[in-house]
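The values are calculated or read from the model by the stated rules, or taken from the named source; none is laboratory data. Note that the coordinates shown come from a computational prediction; the quantities given were computed from them, not determined experimentally. Reconstructed Cβ throughout: ideal geometry from the backbone, glycine too, with neighbour counts over all protein chains shown.
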Amino acid sequence: MYKSFLIFLFLVCSAPLHAESINKLAFGSCLHQNKPQFIWQSIQAQSPDLFVFMGDNIYADTTNSKVMYKKYQKLANAKEFKAFRELIPIYAVWDDHDFGQNDVGEQNPIKNESEKIFLDFFNVADDSPARQRSGIYDSHIFGSGNNSVQLILLDTRFFRGPTVEGKLNEQCPRKNYLQQLDPKVTILGDEQWRWLEKQLQIPAQVRIIVSSIQVIPDQHCWEKWSNFPLEREKLFNLIASTNANGVVFISGDRHFADVSSINIEQIGYPLYEITSSGMNTKIYGKGEQNQYRVTQDNFQTRNFGMIEFDWEASALKLQLYNDKSNQLFEKVIDIEALN
């Protein structure tokens with residue numbers, strides 16, 4: 001029993017603890033530093049306890065770290081972002097355009113420089129475990145017991161191996177991606193996979209897993225976990241083998257909003273994913289298929305997402321809003337059903 005307690009203590013201490021429980025978690029992605037950013041006021045109007053930046057937080061698109069730094073500073077100096085940041089804590093992952101270049105993975109020549117700039121910009125503490133390892137993955141626990149939320153921030157760029165280029169189907173406008181079936185090629189990398197397994201064993205009532213690219217949808221032409229089907233299967237299997245309850249995915253990248261759900265028999269409860277993308281960028285997605293979509297269509301408007309935790313009713317409210325803070329979607333889920 002003492003040994004089990006020590007293992008439990010180690011697992012919990014490997015994720016920063018925040019004593020205060022949270023009631024609202026906002027999130028979004030794809031923000032261009034040169035474009036108007038009034039959406040921050042709309043997000044603030046929903047009174048979130050924190051905001052999760054899910055990638056393409058700037059559009060650096062460079063192999064020059066000095067250029068990248070200057071573009072982050074452009075964001076830092078935007079008055080709307082500045083005002084928001086002073087009031088609402090921000091947690092973040094990156095995607096391709098803020099990691100370096102379009103669709104880039106481990107081959108990014110400035111990935112180490114990008115990592116330092118990212119961690120510094122988002123004020124990651126000097127003693128944070130994220131500072132002691134390669135990549136920007138991290139986790140946090142808010143609240144305790146029946147009111148606890150684990151926020152798992154995945155890094156889908158630093159370790160990601162080569163893609164397989166080709167034409168998926170006639171709907172693809174240009175050469176895109178086929179399935180990468182080499183078992184040695186990874187999205188997360190061995191160290192991050194081991195870390196994630198430990199994280200999923202930490203007790204929590206709800207687990208929000210942040211992936212910059214979509215996890216569940218598998219029919220579109222662009223970047224997604226299903227381009228690496230062995231990695232996607234590994235992720236689902238890991239959730240099952242660790243008996244991880246309360247998992248909900250949030251993702252970005254796509255320049256529209258979408259909501260998906262999939263049933264994996266060995267997990268035993270439905271997995272939901274909210275994709276929120278296009279905070280102030282051009283919107284796409286018309287006519288895109290998604291066999292796992294829970295709404296009639298995707299939402300082709302600038303947007304942000306929200307998860308509201310109704311602890312008294314033991315329920316999650318999965319929400320999407322447009323950039324004027326008008327609600328586009330809401331689904332209420334019984335937390336007990338995610339076990």
Yes/no for ILE141 being closer than 30 Å to ILE90 by Cβ, in contact with a helix residue (DSSP H, G or I) (Cβ under 7 Å, 6 or more places away or on another chain), surrounded by 15 or more Cβ atoms within 10 Å (Cβ to Cβ) and at pLDDT 95 or above:
no
Quick one: in segment 199-221, which of the residues that are polar (S, T, N, Q) and within 16 Å of the chain's Cα centre (by Cα) is surrounded by the fewest Cβ atoms within 10 Å (Cβ to Cβ)?
GLN199
Test GLU170 against the stated conditions and say whether it is at pLDDT below 95 and acidic (Asp, Glu).
yes
I'd like to verify a number: residues in segment 270-299 that are over 17 Å from GLN46 (Cβ atoms), hydrophobic (A, V, I, L, M, F, W, C) and buried (at least 19 other Cβ atoms within 10 Å of the Cβ), how many?
1
Please verify whether segment 69-91 includes one or more residues that are of a type in the set (Ser, Thr, Tyr), at pLDDT 95 or above and over 20 Å from the mean Cα position of the chain (by Cα).
yes
Looking at (1) part of a loop (DSSP other than H, G, I, E, B); (2) surrounded by fewer than 19 Cβ atoms within 10 Å (Cβ to Cβ); (3) touching a Phe, Trp or Tyr at 6+ places or on another chain (Cβ under 6 Å), find the lone condition where ARG232 falls short.
(1)
Picking from SER241, SER226, SER251, which residue would you name as being crowded, with 22+ Cβ neighbours inside 10 Å and among the hydroxyl-bearing types (Ser, Thr, Tyr)?
SER251
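Please count how many residues of segment 165-188 are in a strand (DSSP E or B) and either more than 19 Å from ASP253 (Cα to Cα) or among the basic types (Lys, Arg) (or both).
1
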With a cut-off of at least 3 residues that are of a type in the set (A, V, I, L, M, F, W, C), touching a residue at least 12 places away in the same chain (Cβ under 8 Å) and buried (at least 21 other Cβ atoms within 10 Å of the Cβ), name the helices (runs of 4 or more DSSP H) lying wholly within segment 19-135.
39-44
Test SER226 against the criterion of being touching a helix residue (DSSP H, G or I) at 6+ places or on another chain (Cβ under 7 Å) and at negative phi, and give yes or no.
yes
Which of the residues belonging to segment 206-251 are touching a strand residue (DSSP E or B) at 6+ places or on another chain (Cβ under 9 Å), without any contact (Cβ under 8 Å) to a residue 60 or more places away in the chain and of a type in the set (D, E, K, R)?
ARG207, LYS224, ARG232
Residue pairs qualifying under the 8 Å Cβ cut-off, at least six apart or on distinct chains, with the first in segment 312-323 being free of Cβ contacts under 8 Å to residues at least 12 places away in the same chain and the second being in a strand (DSSP E or B) and among the aliphatic types (A, V, I, L, M), are none
Exactly one condition in (1) in contact (Cβ under 8 Å) with a residue 24 or more places away in the chain; (2) surrounded by 17 or more Cβ atoms within 10 Å (Cβ to Cβ); (3) of a type in the set (A, V, I, L, M) is not met by VAL164; state its number.
(2)
Anything in segment 182-195 that is touching a helix residue (DSSP H, G or I) at 6+ places or on another chain (Cβ under 7 Å) and surrounded by fewer than 21 Cβ atoms within 10 Å (Cβ to Cβ)? List them, or say none.
PRO183, THR186
Which condition number does VAL164 fail, the rest of (1) at pLDDT 95 or above; (2) under 19 Å from ASN108 (Cβ atoms) being met?
(1)
Going through (1) of a type in the set (D, E, K, R); (2) surrounded by 16 or more Cβ atoms within 10 Å (Cβ to Cβ); (3) at pLDDT below 95 one by one, ARG302 fails only at (3)
